Amino acid sequence: MSRRQAPGGPFSKEFLAEAEMLLEEAVTCIDGLDGESDDPNPSKVNALFRAVHSLKGVAGMVGLTGIAEAAHDLETLLDDVRMGRVVPSSAAFSAIRGGLTALSSLVGRVAAGEEAPSLGERLRLRLDATLVGARREPVPEASVLPPDLDASLSDYERHRVGEAARRAKGLVLVDLDLDFDSFDTGLRTAMAESSAAGELIGTFPGTASDPSRMAFRLLVALPPDTDTAALGERCGARQVSVVRGGGRPVPPPASANPTAETAAEAAPQVAKGVVRVPLEKVAALVDLAGDLALTRGALGRALRRALAGAPDRSARYEAQRAFAQLDRLVSALGPTALSLRLVPVETLTSRLGRAFVRTAAALGKEADFVVHGVETEIDKVLADELADPLLHIVRNALDHGVESPDARLAAGKPRRGRVALTVAPRGREVVLTFSDDGRGIDRDAIVRKARETGLLSSKEPEPRDPFSLLFRPGFSTAEAVTEFSGRGVGLDVVAEALARLGGRVRVRSTPGSGTTFEVAVPMTLVLLESLVVRVGGLRLALPGENVVRTLQARPDDTELVGGTPCLRDGDRAVPLARLDSLLGLAPRAGRIGPESVVVAEDGERAAAFVVDSVEGVWDLLVKPLADSVPRLREISGAAEVPGGEVALALDPGALLARVYASAQAGRAA
Amino acid sequence: MTNPARTRRHVLVVDDSGPARMLIRQALDGWARGNGERLEVVEAENGFEALRELPRTPFDLVLTDVNMPTLSGLELIRMIRARPEQRGLPVVAISTERDAEDAARARAAGADGYLGKPFDAETFDRLLDELLLPSRAPEAS
Amino acid sequence: MTAGDLLAFRAGGERFAVPLDRVREAARPRRITPLPGAPASWSGVALVRGEALGIVDVAAAAGLPPSTPGPLPLVVVLYGCNHALLVDSIDGVEPFPTGRMVPPPPGREALTGVVSEEGGFLSLLDVDHFGARGEP
């Protein structure tokens with residue numbers, strides 16, 4: 001009776017193509033949401049929800065109930081997240097990831113010819129198990145919207161209105177009155193501008209001035225202090241009405257006579273103190289805060305031991321309370337000290353803007369550079385480090401993205417191109433999104449090129465994100481790349497520079513309509529000044545604060561103290577060890593003459609280490625290596641050094657402990 | 001609608017999924033054959049296209065997916081309902097069968113009917129009978 | 001263990017496979033840096049997407065001669081652990097070969113089982129076998 005298709009019928013090929021596309025979309029969304037707990041980007045959560053919802057739909061339509069069921073369970077969880085019923089924690093995100101993995105393996109089984117694959121158990125059970133305690137009751141908010149609009153809100157829109165109030169965001173209504181012939185462009189522009197400035201909660205019908213025109217009304221949540229008039233202009237709005245101001249109360253209208261009282265109230269804001277502090281002083285404060293945190297840890301351990309058997313209960317209670325207080329204060333101090341290094345990102349974006357104008361003129365391109373979120377704060381050090389890679393992205397967008405005026409007109413686009421940069425904090429990261437309205441990049445062409453150049457072997461599956469190929473070192477040298485976009489040229493350098501800062505970059509693109517580069521970097525950057533040495537063919541990094549000095553030593557500079565070779569360092573003799581033999585590395589052949597020595601200490605002990613050579617001092621972002629990776633415990637992590645090489649990070653404490661242990665063993669022997 | 005049996009009827013199908021549009025079209029063909037009706041189906045991939053198509057053709061029915069990017073089905077229904085000349089146009093919201101809540105949401109936005117995916121032929125045919133053949137419906141005779 | 005799909009690849013001239021749902025991605029880090037003190041079955045450490053990952057030499061772990069990775073080595077990054085697998089090439093996604101699996105030969109604890117197939121063997125790797133457990 002049913003006209004539904006049987007699995008494996010003529011729809012299975014379409015199903016697979018569709019399912020794979022949806023899964024890829026979902027993975028892109030969740031990747032973008034990574035670490036963005038607490039206040040995840042609603043449009044990404046929605047896109048993710050929609051992708052899984054659509055997957056359920058197409059699976060259900062072709063009768064693949066096992067997949068539809070699993071998608072349904074994941075969709076339910078996503079609905080709970082977007083409706084605020086599940087806390088968007090990292091646990092929730094990893095449960096979502098797990099669900100997506102399960103779905104893609106099911107889809108993979110269809111691809112392999114299985115007729116009706118299903119998971120052994122309901123996915124819901126697995127998801128629920130990881131989300132114990134993550135559920136909450138959303139608190140309803142009193143409505144501030146006009147009644148007719150309020151009545152037509154969907155549950156989700158209502159939830160987002162409440163969420164905007166909870167986060168002290170402003171709410172505005174953007175009214176559009178558009179010509180029928182071009183309404184979709186006008187509506188799309190207004191929607192995009194609203195989303196860039198804040199969150200587009202919903203699109204509603206408006207009242208048209210003339211029945212032949214199309215009227216829309218956009219409900220938008222905005223960060224406090226957004227220039228709503230400017231937004232209205234960018235949207236081509238007939239009118240923008242503020243439903244509720246964000247953050248602090250709406251200022252009185254300009255026509256009102258300021259009384260002495262309001263003037264006095266305003267005064268502190270104007271005179272809001274700004275003190276210029278040299279970066280080194282801030283760095284010293286950050287270091288002190290770090291040391292204090294370490295001392296607090298040691299004090300806590302000592303205190304627990306000392307109090308364990310203390311007979312005076314009230315003294316014990318007092319001590320514990322005082323320590324808890326200290327703990328809180330010290331915990332707050334570190335981030336506060338780090339925040340002193342934060343500066344508005346405008347210092348960086350204005351530099352990009354100047355470069356944009358120059359580059360556009362040099363290339364004969366006509367384009368505007370539009371920046372949103374210039375007030376977002378970013379680490380001063382990071383802002384400096386980011387300038388080069390971001391300049392590269394801006395030039396790239398002009399050079400290879402935005403077409404020449406003639407080509408744009410021929411393609412039915414406005415003569416002037418546009419590159420929009422949106423800067424926004426996201427969890428502990430800052431995200432910089434560059435979107436151009438240029439010619440875009442053809443993903444198939446990228447994959448084809450990667451296969452042709454051997455970057456991707458024919459057997460290797462296409463990566464989830466083909467655009468990631470653009471950042472592979474081999475890709476940039478592929479000559480013919482420029483034929484379709486030129487995007488590859490030098491992008492590996494951008495990726496490398498960002499990786500060194502603990503950041504990453506992703507690309508999205510629609511051929512013909514534009515490309516988006518999304519750069520995410522940590523808001524504060526904790527770079528470790530490190531001394532990099534070469535030993536036995538390896539690069540090793542020692543924290544700069546543990547290095548006393550580097551010197552050249554001859555064999556007769558050493559002396560034996562209690563059977564252990566030592567080096568005189570000022571008025572003390574420190575044990576001397578060859579770093580290569582200490583770490584079990586091959587000794588350098590043919591050593592003659594003076595050798596490079598690094599004297600290091602950890603506060604208690606000091607030792608001198610013979611190395612092959614000293615490479616230099618760099619600020620490195622050290623990535624810890626998990627305990628499960630077997631190795632000498634003197635190696636704590638790895639860091640990229642300029643030039644793309646990797647240095648292994650040494651743990652000075654463990655290194656000194658080994659020197660002293662072997663010295664003792666030597667004496668005992 | 002003077003001669004419902006012989007008039008060509010126009011149906012707008014809005015769904016961002018190609019296979020979904022194909023299945024809806026197939027279901028529409030089945031209904032048309034069964035009732036000796038002639039249907040002209042126009043497809044739209046998103047809400048913008050749908051808004052553009054709507055004034056061009058005197059549609060007799062709109063079938064729209066609820067979950068679409070940028071402009072959702074519910075937003076589209078709100079727009080349709082706001083235009084006086086389209087107020088009486090029957091609209092069916094199609095969504096993956098979640099629960100009664102989804103159907104209620106669609107009705108609240110102004111949908112006349114609701115179909116959960118996957119739908120079976122009988123449910124689909126019954127809904128179309130109800131919306132397109134008012135003369136045969138008991139309350140209209 | 002579920003009998004889901006596998007990602008099959010080659011290392012040391014033999015064919016190996018891991019469950020597809022444990023695979024995060026195939027990546028080509030710039031290079032692998034040797035890790036002092038690691039057993040021979042580990043090739044070293046590599047930075048993948050800014051993360052420091054231990055790299056297991058699949059060939060060496062299976063008792064074959066160890067690999068000598070050049071620049072841009074091919075590694076399979078896994079979910080749920082802090083290491084990736086160094087492989088020579090990837091064969092692709094394959095269905096789980098049911099019913100023909102035999103236990104691995106003694107001394108090859110890194111394998112779950114071995115399936116004989118046309119022209120040789122397919123060894124199933126136990127991805128969780130690697131790690132500090134029982135290592136020095």
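Data overview
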item: Per-region count, the range A:467-525, residues at pLDDT 80 or above and in a loop (DSSP other than H, G, I, E, B); result: 5
item: Yes/no for C:Leu35 being closer than 30 Å to A:Ala586 by Cα and within 11 Å of another protein chain (Cβ to nearest Cβ); result: yes
item: Criterion (assigned to a helix (DSSP H, G or I), assigned by TED's automatic domain parsing to the domain that holds A:Arg506 and under 17 Å from A:Thr433 (Cβ atoms)) met by exactly one of A:Leu409, A:Leu386; result: A:Leu386
item: The one condition in (1) touching a strand residue (DSSP E or B) at 6+ places or on another chain (Cβ under 7 Å); (2) modelled with pLDDT of 90 or more; (3) within 14 Å of chain C (Cβ to nearest Cβ) that A:Arg631 fails to fulfil; result: (1)
item: Selection status of A:Gly120, within 10 Å of another protein chain (Cβ to nearest Cβ) and part of a loop (DSSP other than H, G, I, E, B); result: yes
item: C:Val87, sole failed condition from (1) surrounded by fewer than 19 Cβ atoms within 10 Å (Cβ to Cβ); (2) touching a helix residue (DSSP H, G or I) at 6+ places or on another chain (Cβ under 9 Å); (3) more than 7 Å from chain A (Cβ to nearest Cβ); result: (1)
item: Tally of residues being more than 14 Å from chain C (Cβ to nearest Cβ), within 39 Å of the chain's Cα centre (by Cα) and either among the basic types (Lys, Arg) or outside any loop (DSSP other than H, G, I, E, B) (or both) across the range A:563-604; result: 4
item: Test: residue in the range C:91-109 that is modelled with pLDDT under 85 and closer than 21 Å to A:Ser628 by Cβ; result: yes
item: Condition check for A:Pro522: in contact with a Ser or Thr (Cβ under 7 Å, 6 or more places away or on another chain) and either in the same structural domain as A:Leu386 (by TED's automatic domain parsing) or not polar (S, T, N, Q) (or both); result: no
item: Scan of the range A:645-657 for residues that are within 14 Å of chain C (Cβ to nearest Cβ) and surrounded by 17 or more Cβ atoms within 10 Å (Cβ to Cβ), ordered by number; result: A:Val646, A:Ala647, A:Leu648, A:Ala649, A:Leu650, A:Asp651, A:Leu655
item: Residues of the range A:173-202 satisfying the condition of being of a type in the set (Phe, Trp, Tyr) and either crowded, with 20+ Cβ neighbours inside 10 Å or within 19 Å of B:Ser72 (Cβ to Cβ) (or both); result: A:Phe183
item: Boolean, A:Gly84 is modelled with pLDDT under 85 and either within 30 Å of A:Ala197 (Cβ to Cβ) or outside any helix (DSSP H, G or I) (or both); result: yes
item: Candidates A:Val641, A:Val610 - the one that is over 18 Å from A:Leu551 (Cβ atoms), more than 9 Å from chain C (Cβ to nearest Cβ) and in contact (Cβ under 8 Å) with a residue 12 or more places away in the chain; result: A:Val641
item: Unique match (being modelled with pLDDT of 75 or more, part of a loop (DSSP other than H, G, I, E, B) and of a type in the set (A, V, I, L, M)) among A:Leu145, A:Leu171, A:Leu149; result: A:Leu145
item: In the range C:5-27, the residues that are within 7 Å of another protein chain (Cβ to nearest Cβ) and in contact with a strand residue (DSSP E or B) (Cβ under 6 Å, 6 or more places away or on another chain); result: C:Asp5, C:Leu20, C:Glu25, C:Ala26
item: Subset of the range C:38-76 [on the phi < 0 side of the Ramachandran plot and either hydroxyl-bearing (Ser, Thr, Tyr) or at the interface with another protein chain (Cβ under 7 Å from one of its Cβ atoms) (or both)]; result: C:Ala38, C:Pro39, C:Ser41, C:Trp42, C:Ser43, C:Val45, C:Leu47, C:Glu51, C:Ala52, C:Gly54, C:Ser67, C:Thr68
item: Selected residue (only one of A:Arg160, A:Arg124 is in the same structural domain as A:Lys56 (by TED's automatic domain parsing) and either closer than 27 Å to B:Gly73 by Cβ or buried (at least 17 other Cβ atoms within 10 Å of the Cβ) (or both)); result: A:Arg124
item: Some residue of the range A:351-364 being outside any strand (DSSP E or B), within 24 Å of the chain's Cα centre (by Cα) and β-branched (Val, Ile, Thr); result: no
item: Condition check for A:Ala284: of a type in the set (A, V, I, L, M, F, W, C) and farther than 30 Å from A:Ala383 by Cα; result: no
item: Looking only at the range A:1-47, and only at residues there that are among the acidic types (Asp, Glu) and closer than 19 Å to A:Leu103 by Cβ, the one that is modelled with the lowest pLDDT; result: A:Asp34
item: Neighbours by Cβ (under 6 Å, 6+ apart or cross-chain): first from the range A:202-231, closer than 18 Å to A:Pro146 by Cα and touching a residue at least 60 places away in the same chain (Cβ under 8 Å); second among the acidic types (Asp, Glu) and in a strand (DSSP E or B); result: A:Arg217/A:Asp175; A:Ala221/A:Glu199
item: Unique residue being without any contact (Cβ under 8 Å) to a residue 60 or more places away in the chain, under 30 Å from A:Val243 (Cβ atoms), surrounded by fewer than 18 Cβ atoms within 10 Å (Cβ to Cβ) and β-branched (Val, Ile, Thr) when the list is A:Val81, A:Val144, A:Val45, A:Val87; result: A:Val87
item: Tally of residues being out of contact with any strand residue (DSSP E or B) (no Cβ under 8 Å at 6 or more places or on another chain) and under 30 Å from A:Pro425 (Cα atoms) across the range A:518-574; result: 1
item: Residues within the range A:434-459 that are part of a loop (DSSP other than H, G, I, E, B) and within 28 Å of the chain's Cα centre (by Cα), tallied; result: 8
item: Failed item, numbered, when A:Arg568 is tested on (1) under 30 Å from C:Asp57 (Cα atoms); (2) free of Cβ contacts under 8 Å to residues at least 24 places away in the same chain; (3) out of contact with any Lys or Arg (no Cβ under 9 Å at 6 or more places or on another chain); result: (1)
item: The range C:90-123, residues that are away from every other protein chain (no Cβ under 14 Å), of a type in the set (A, V, I, L, M, F, W, C), out of contact with any Ser or Thr (no Cβ under 7 Å at 6 or more places or on another chain) and surrounded by 11 or more Cβ atoms within 10 Å (Cβ to Cβ); result: C:Met101, C:Val115, C:Phe121, C:Leu122
item: Unique match (being free of Cβ contacts under 8 Å to residues at least 40 places away in the same chain, at the interface with another protein chain (Cβ under 9 Å from one of its Cβ atoms), among the hydrophobic types (A, V, I, L, M, F, W, C) and surrounded by fewer than 21 Cβ atoms within 10 Å (Cβ to Cβ)) among B:Ala108, B:Ala121, B:Ala103; result: B:Ala108
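The values are calculated or read from the model by the stated rules, or taken from the named source; none is laboratory data. Just so we're clear, the structure is a prediction, and the values are computed from it rather than from any experiment. A quick note on method: Cβ atoms are made from the backbone with ideal geometry, for glycine too, and the neighbour counts reach across all protein chains shown.
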